[in-house]
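The structure appears right after this line, and notes come after that.
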Amino acid sequence: MSPTEQAKTTLVVFDMAGTTVEDTGLVQQSFLAADEYAGLSKNADERAEMLRYVHDTMGQSKIVVFRHLSRGNEEQAQAANKAFERCYAQLVEDGNCSPVPGAVDTISALREQGVKVALTTGFAHETQSAIIRALGWENLADVVLCPGEGVRGRPYPDMPLTALLRTGTDSVQQMVVVGDTSSDITSGVRSGARASIGVLTGAHNAEQLRNAGATHVLDSVAELPALLATLV
């Protein structure tokens, strides 16, 4: 493989909620519903602390977050996770789900150029599928991934590396990871991606993204094609 071929981006791994899918408080609503169902917090102070932790860990596998919030009580964590997924899926089905402006055009343009695209999330498979169906994105990406058997969620590098394997990408130096949270960025950094790019349409701000190791920070994914054209 020539140096020019090595330098070319052939795979972009996108996060979903907050990056390519609008996140208008649905995660917070669903966590509050899960708290009410499973009794994770006992008072307003504990609830506020829970929501702070939820915000800080945005992007991570939800069951892992619930295991922390339940202090290791697996039965409670599983009950909370199911309640969260039910609430989120219902909100999606009720029409509270839309693409980030420019996301579909960006992904379509990349694929027209021969770049493979993966969509990843910390949600369970059923919730991810509900989002995909609601948006009509069944054929938008080459690969769709979520945490599951043999694939850990963020901040682990498993989803980007699994996307690389499933798309037959030759090298991590041809892969770019894009997300709106510190966990997204950490996952990209740990995977060895040539760039881990933060966007400001979701949970975390520019400082948080850069502190996690973001190589670039964009206002939104709509700016990504122009940036990729400059990467060497």
What per residue convex hull volume, in Å³, do the alpha-carbon atoms of the chain yield?
112 Å³
The summed charge of the N96 Cβ neighbourhood (under 13 Å; Lys/Arg +1, Asp/Glu -1) stands at -4
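Would you list I107, I63 from the most to the least accessible area, probe 1.4 Å?
Reading off the accessible areas and sorting them downward yields I63, I107.
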In a shell of Cβ-Cβ distance under 13 Å around D15, excluding D15 itself, what net charge do Lys and Arg (+1) and Asp and Glu (-1) give?
-3
For segment 1-156, what is the relative contact order in percent, using Cα pairs closer than 8 Å and at least 6 residues apart in sequence?
32 percent
Per residue accessible area in Å² of the chain, where ligands, DNA and RNA are left out and the probe is 1.4 Å
45 Å²
How big is the antiparallel share of DSSP beta bridges in the chain, given as a percent to the nearest 5?
10 percent
What is segment 144-196 by shape, rounded, prolate or oblate, if you read a ≥ b ≥ c off the alpha carbon gyration tensor as root eigenvalues and call it rounded for a/c under 1.5, prolate for a/b larger than b/c, and oblate otherwise?
oblate
Distance in Å, no decimals, from the C-alpha centre of segment 182-227 to the one of segment 53-71 is 20 Å
Taking only C-alpha pairs under 8 Å that are 6+ residues apart, what is the relative contact order of segment 105-163 in percent?
35 percent
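Per residue Cα convex hull volume for segment 70-187, in cubic angstrom?
Details: hull volume 14.3 nm³, N = 118.
So the per-residue Cα hull volume is 121 Å³.
Hey, got a sec? Which GluC sites (Glu not before Pro) in segment 67-175 land in a DSSP loop and have at most 16 other Cβ atoms within 10 Å?
On the way: sites: E74, E75, E85, E93, E112, E126, E138, E149; in loops: E138, E149.
Sites meeting the loop and neighbour criteria: E138, E149.
Tell me what the chain gives for mean residue ellipticity at 222 nm when only DSSP H runs of n ≥ 4 count, each as -39,500 (n - 2.57), the sum divided by the residue total, rounded to 500 deg cm²/dmol.
On the way: 11 runs with 111 residues, N = 232.
For the chain, the value works out to -14000 deg cm²/dmol.
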Relative contact order computed over segment 5-91 (Cα-Cα under 8 Å; 6+ residues apart), in percent:
36 percent
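The values are calculated or read from the model by the stated rules, or taken from the named source; none is laboratory data. If you're wondering where the values come from, they're calculated on a predicted model, not measured in any experiment. Here Cβ is always computed from backbone atoms with ideal geometry, including for glycine, and neighbour counts include all displayed protein chains. Accessible surface is based on the protein model in full, side chains and every heavy atom, while ligands, DNA and RNA are left aside. Shrake-Rupley method; radii C 1.70, N 1.55, O 1.52, S 1.80 Å.
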